[in-house]
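Quick notes on the structure that follows.
The values are calculated or read from the model by the stated rules, or taken from the named source; none is laboratory data. On a predicted model such as this, the values are computed, not experimentally measured, just so you know. Counting neighbours? That spans all protein chains shown, and the Cβs are built from the backbone with ideal geometry, glycine included.
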Amino acid sequence: MPPCVNGRKRKPNGQFIRNKCKNKRRRISSAEHETKAENIAETSDEQTPLPEHAKYCWRDGRRIVELGYLADQLKAGCSECKNPLHIINTMDETTQGLGSILYIQCEECPQLNAIKTGKTHRSPTKKNVGRPIWDINTKAATGSINAGIGATGMNVFLTSLNIPWLSKRAYKFREEEAIEGILHVTKETCTEAISREVEAVVESNPTETTRNKAEINASFDAGWQKRGSGRAYNSLSDDVCLWEADAEMTDLGSVHFIARSFNIDRLKNWRSSELRCSAKSMEPSMGVELTRGLTGALDLHNKGKGQSIKYSVGNIIMDGDTTTISHIHQNVSDQISVWSDIGHAKKALHGHLLRISSSHKALSKTVIDYLVKCFGYVLTQNKGNPEGIRKGCKVIPNHAFGDHSSCGSWCQHKKNAESYRHQSLPHGKDLEGEDLKADLLQVFELFASYADKLAPMGSTQPNESFNNLVSVHAPKRLHFSGSASLRGRVAFAVATKNSGKSTICKINEANNLSPGSVTVKFNKNREREYRKRKKRETTRAYKRKRIVRKKARNSETGQAELLEGTTYQSGVQFSTDQPDLASIPTPYYAPTSTPLCTSDIQNSTYVVFDLETSNIECLKDFITFLKSLKSKIILVAHNGKVFDSRILVKAIIAKNMLSELQSVLTGFIDTLPMLKKLLPDRNSYKQEELVKGCLNKTYDAHNGLEDVKSLRDLLVHLKPQNAVLASHSFHVEYVCESIQHHARMTTNFPSFKHLVSKKVLSKAMAQKIAGSGLNLQQIRLIHARGGYDGLQSLLSTKQRGHKSKCRVTASKKNKENLILQGQKLVLLPSAVTPSRHFVYPKMPRYSCQGCLDGLLKRAQTVGERGKSKMDDSPNSRSDSGPILRSIHSGIPTSVRFINHSSVRAKVIWLNYEGEQVLYSTLKPLNGCYDVRTYVTHPWIAVEEESNLRMLLNSAQIYFPTSDGYHHEVVISANGR
C-alpha cells in the first residue's frame, strides 16, 4: 500500500491523517519553538541552561565544518536585524550525523538564528519532502565505500577524533544514495569502454571489418567474498568481471544468496540476481549472463552508431577451474572459443609435478621450479605457434636428462658440450632415473595436447587485479553480501578500474554534490603516483630485482628454520616424538677492518709501542700516559694487527678498562704490511733486518724500549704519506671483534681436529667454519634437518650489506668442494654415490663429543692394527683387514651411542639392493667387548664400557668401502 496518495499521508495502521490533525500538530510545534526562543532570550548568557534534549554541549568534541559556508552565514547576520553573528553566542546545537545546526542568539535582538555548519541538498526523488540532506553525510558514505570500511569502521575513526558519529540507520540511507551515483558512473564507464574497444578492433583488424564482421576477445574470472584457503567453497556472494583484452572493464555482476528486497527495489538501474545455488555454480551462471549482456551491448552499440559491422565475442580467456565455457556454449553461442590463462597453466603444471614428487625423491622443489620456468620459456618464445609449443613441451624433459638432440639454438650445450652445466638444476648435473623421465614425459605430453589454447598467451591477470581491487573496497573480513552495499562497492571498483583514482569526484557530481577541490587534488596525486609505480614495475630490471629479492627472502627463511629447529608444526603438542629444540648460533663473520679517516690521521699523535709479554700489569700507567698527551692517540706497532693490538686490548678488557682506552685512542697502525709496500723485494721484514738495511745500525731486539726507538727512527727515515698510513690503520672495535672471533674459533676448532689430521678438511677451512660459530656436532644437526642443500645454504649465508661476504665461502667452486667435504663432515660415505633405490637411515642424535672422540680414536687404533693384516679370507679371524684399512684411510662415517648394558649385538649389512640382519654375541676380550660377525664384516673393540654406559645408549658405525657396500654395525640393548 503506498504511503502517500494525492498528497495525503497515512498513519502506521494505514488510516489517512486528517488535515485538521495535521494543522494542529503544526501549530503545537510552532508554539513550542516560539516559547523556547522567548525563554532563551529572557535568560542571560551566564545563566543559559543546557536544553534537556541536548546530548552534549556544543563546546564538547570536534566538528567537521565548511569554514567558507559558515563564515558567509555569520557575516549575513541576524535574520531580523542583520547584525553579524558570533559563534560565542551559540545557545544550542542539533547534530544531524556529521553536520550540525548551531542556534546563535543575536547580540542586538532576542532572535535565535539557525546556522548550518555545512551545505545541504535534496534527494532527486523527494525534492520537497523531508529534511534536507547534509552533503557531508553523503560524502562520508561514499568515502567509506572508497576506503573499504562500513558504518562501524567509520564511526570508530570519527569517535577516535572526538567527532560525533553517524547512526547506522542514517549511514544506510546515505549509502543507498551514494550507490545510485556509483552505479550511474559505472554504467557510463562501461559504455565508454565498449566504444573504445570497438574502435580498437576496427583499427587493429581492418580485413575483418571489410567483411562486416569483427570479434572481440575478453578475459573472464570471478572472486568469492569469503576469505579461505580453497578447502571450503561456501561463499555467500561472488563478483564476476568480463574484461576485454588490453581494454577496460565492460560489465560486472554479483550473485547473492541473501538480498534484502527493499534495497534491491531502490536500485532501479541495477541488475539484481538472487540465485539459490551453490557457491561453485555462481561463476558459470554469471559467465553466461555477462557474455549474453556483452553481446547485447555490442548490438546496441551497432544500432546507435548506425554501423553495419557485426561485433561478437570470439574468444574468452579463462583459468580452466570451472565449466563456464560449457555453459556459455549451451546457453549463448557454441562459436565462442576458450583460451587458457598462462598463469594458471603454470600453476597446474606445478601441481602435477608436486603430485609425482612423492614417488621421486630427485624431484625436489628446485627441480620443479626449474621445469616450470622452462615451460614458461616455451610459451613465451612460441606465442601464436601451437606446433612450437608441442615440440618444446616434449624437449623439456629430455633436456633436463642430458638428451640435447632435439634442442634448439637456445641450448648452450650445442655451443660448448664439454663444459656445459645446468644453471638451475642441483649441482648443475643432469637428472637421472628412467621412471622419473617417463613420468615427466607423460606430464608434458598432457600439456602439449592443449597447445592450441596455450598459444595465444592469454592472461586473466587484469581480472585478478580487479578481484584485488574489489577486496580493497569490500574487504573479505567484513560481511557486505547481505545488502546492496556489496553491489555498490563492486561497482565502485569497476568505475575505478575504468576511470582511475578520480572516480570519486565523478560520483559526487552524479549525486549533485561538489567534486571537492581537495578531493580532486589528492586523487590526481594518487593517480600520478600510480602511473609512475606501474611504469617502474613493468620494466625488466625491476622484475629481475623482484625475483632476486624473493629468492633472498626464501633463502633467509630456510636458513632461519635450520638454525631454530622445530618452532611451529601442526599438532606438535600431541606428537609422541620429542621436538628438535636444539638451536644453532646465528652466523658470525670474520671481522673486516676499516681504515681511519684522513682527519684522524692528520690530527692525532702517534705513539710507537711494544709489548713485553712477561709483564702487562702496567696498564693503568700506560693509559695515564696516553691521557697526559692531551690529544687523540694512534698506536703504532710492527705486526700490531695480529699480535700487539690484540694482546693489549685483551688485557685491557680483562681489567674492565676498555672505555678508558677508547676515550683517548683513535686506532692502530700496523707497520709490517706498510713496510712491505714501501720496501718491496726484501728477503726479510723483521724489524731488526729493516733497521739494519735502512738505517745501517743494530740494536738489542729483545729490549722493548730499543724496539720502540728503532721503529720510530725507521718511520722518521721513510716518512710515509698520510694516505699510506691510513690504508694500514684500523679501529679499536676491529680488535675487539677479532678477539671474539678468535675465541669462537678456539672453542669450536677442537671438534674438527681429527678431520684435519685425516685431511678431510684443510686447517684453514676448519678454522673458518669454527670462527663462524659452528662445531662438528652442529654441522651434523644441520645435515639432519636440511640435508646437503641445507648445509650448503647455511655455509653460504650472506652478510647483510655485504654481497660478497658469506659465512664460510662465496666461491662457487670452493662451495662445491666444501659440500663434498661436508659428506665426510657429517660422517656419511663420500666414496660411493647412493643409488636411487637406496635410502640412508635418518641421521642420529649425539650426546657426548668426548665419547665420540674416544671411539674414533679406538677405531683408528684398531685400524692401524688391521692395516698389517692382509688376509682377506672370510673364514679368517683377520677378515676385518680391508674394512679397517678403510677406517685408517678415512673415518667412520657416523656414530651414535646408546647404553651397552646388554650381551647381545645386532649387526646389519646394508647394500644397494637390500638388507641382511645377523646376530652375534658380545664376549669379553682383554677387558673389552668384541663384536664379531663371522661373515665378511669387520669387528671393533669398544673399551671402557662402564664410562660409555653412563651417557650412551647405542653405537652405530658406517664404514665407507671400496667394494661399493655400505656396512653398518649397531650395538644396542638386548640385541634390539
Quick check on CYS736: is it part of a helix (DSSP H, G or I) and at pLDDT 90 or above? yes
Looking only at residues that are buried (at least 17 other Cβ atoms within 10 Å of the Cβ) and of a type in the set (D, E, K, R) in region 498-509, which one is farthest from GLY181 (Cα to Cα)? LYS501
In region 510-526, anything surrounded by 14 or more Cβ atoms within 10 Å (Cβ to Cβ) and part of a helix (DSSP H, G or I) is listed as ALA510, THR519, VAL520, PHE522, ASN523, LYS524
Across region 365-402, the tally of residues that are surrounded by fewer than 18 Cβ atoms within 10 Å (Cβ to Cβ) and small (Gly, Ala, Ser) stands at 4
Looking at region 661-710 only, could you name the residues that are over 29 Å from THR594 (Cβ atoms) and assigned to a helix (DSSP H, G or I)? GLU688, GLU689, VAL691, LYS692, GLY693, CYS694, LEU695, GLY704, LEU705, GLU706, LYS709, SER710
Could you tell me which numbered condition THR586 fails, if it satisfies all but one of (1) outside any loop (DSSP other than H, G, I, E, B); (2) under 30 Å from SER738 (Cα atoms); (3) touching a helix residue (DSSP H, G or I) at 6+ places or on another chain (Cβ under 7 Å); (4) among the β-branched types (Val, Ile, Thr)? (1)
Answer with yes or no whether GLY408 is surrounded by 18 or more Cβ atoms within 10 Å (Cβ to Cβ), closer than 20 Å to PRO386 by Cβ and modelled with pLDDT under 90. no
Which residue pairs have Cβ atoms closer than 8 Å, lie 6 or more positions apart in sequence or on different chains, and pair a first residue in region 749-760 that is closer than 16 Å to LEU774 by Cβ and among the hydrophobic types (A, V, I, L, M, F, W, C) with a second residue that is at pLDDT 80 or above and not in a helix (DSSP H, G or I)? PHE752/ASN775; VAL756/SER762
Restricting to region 333-364, give me the number of residues that are surrounded by 15 or more Cβ atoms within 10 Å (Cβ to Cβ), farther than 15 Å from PHE220 by Cα and over 35 Å from the mean Cα position of the chain (by Cα). 0
Show the residue pairs that are 6+ apart or on different chains and have beta-carbon atoms under 8 Å apart, the first residue being within region 344-365 and closer than 15 Å to ASP321 by Cα, the second being of a type in the set (D, E, K, R). HIS344/ASP319; HIS344/ASP321
How many residues are polar (S, T, N, Q) and touching a strand residue (DSSP E or B) at 6+ places or on another chain (Cβ under 9 Å) when one looks only at region 322-363? 6
I'm trying to understand the selection: among the residues of region 87-100, which are of a type outside the set (Gly, Ala, Ser) and in a loop (DSSP other than H, G, I, E, B)? LEU98
In region 325-360, how many are among the β-branched types (Val, Ile, Thr) and within 30 Å of ILE396 (Cβ to Cβ)? 4
Are any of the residues in region 478-496 closer than 30 Å to ASN315 by Cβ, surrounded by fewer than 17 Cβ atoms within 10 Å (Cβ to Cβ) and at pLDDT 85 or above? no
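The rows are residues; the columns are (1) in contact with a Pro (Cβ under 8 Å, 6 or more places away or on another chain); (2) closer than 30 Å to SER499 by Cα; (3) modelled with pLDDT under 90; (4) assigned to a strand (DSSP E or B).
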| site | (1), (2), (3), (4) |
| --- | --- |
| TYR69 | no, no, no, no |
| GLN73 | no, no, no, no |
| LEU85 | no, no, no, no |
| LEU102 | no, no, no, yes |
| GLU107 | no, no, yes, no |
| ASN137 | no, yes, no, no |
| ARG169 | no, no, no, no |
Can you name the residue in region 147-183 that is out of contact with any Gly (no Cβ under 7 Å at 6 or more places or on another chain) and β-branched (Val, Ile, Thr) and is also nearest to GLN96 (Cα to Cα) among such residues? THR159
Tally, over region 109-122, of residues that are of a type in the set (Gly, Ala, Ser) and part of a loop (DSSP other than H, G, I, E, B): 1
Which of the residues spanning region 171-223 are among the acidic types (Asp, Glu), modelled with pLDDT of 85 or more and touching a Ser or Thr at 6+ places or on another chain (Cβ under 8 Å)? GLU175, GLU177
Residue pairs, Cβ under 7 Å, 6 or more apart or interchain, first in region 114-126 and in contact (Cβ under 8 Å) with a residue 24 or more places away in the chain and under 12 Å from ASN137 (Cβ atoms), second outside any strand (DSSP E or B) and polar (S, T, N, Q). List them. HIS121/ASN512
Determine whether SER308 is modelled with pLDDT under 75, of a type in the set (Gly, Ala, Ser) and more than 26 Å from LEU183 (Cα to Cα). yes
Give me the residue from region 566-590 that is of a type in the set (Gly, Ala, Ser) and modelled with pLDDT of 75 or more and, out of that set, farthest from LYS768 (Cα to Cα). ALA582
Residue by residue through region 788-820, note down the ones that are among the small types (Gly, Ala, Ser) and either modelled with pLDDT of 70 or more or touching a helix residue (DSSP H, G or I) at 6+ places or on another chain (Cβ under 7 Å) (or both). GLY790, SER793, SER796
With the requirement that a residue be under 23 Å from VAL201 (Cα atoms) and in contact with a Pro (Cβ under 9 Å, 6 or more places away or on another chain), what does region 314-324 give you? ASN315, ILE317
Only one of these is outside any loop (DSSP other than H, G, I, E, B), at pLDDT below 90 and of a type in the set (Val, Ile, Thr): VAL443, VAL470. Name it. VAL470
Taking region 115-163 and keeping residues among the basic types (Lys, Arg) and under 25 Å from LEU74 (Cα atoms) leaves LYS116, LYS119, ARG122, ARG131, LYS139
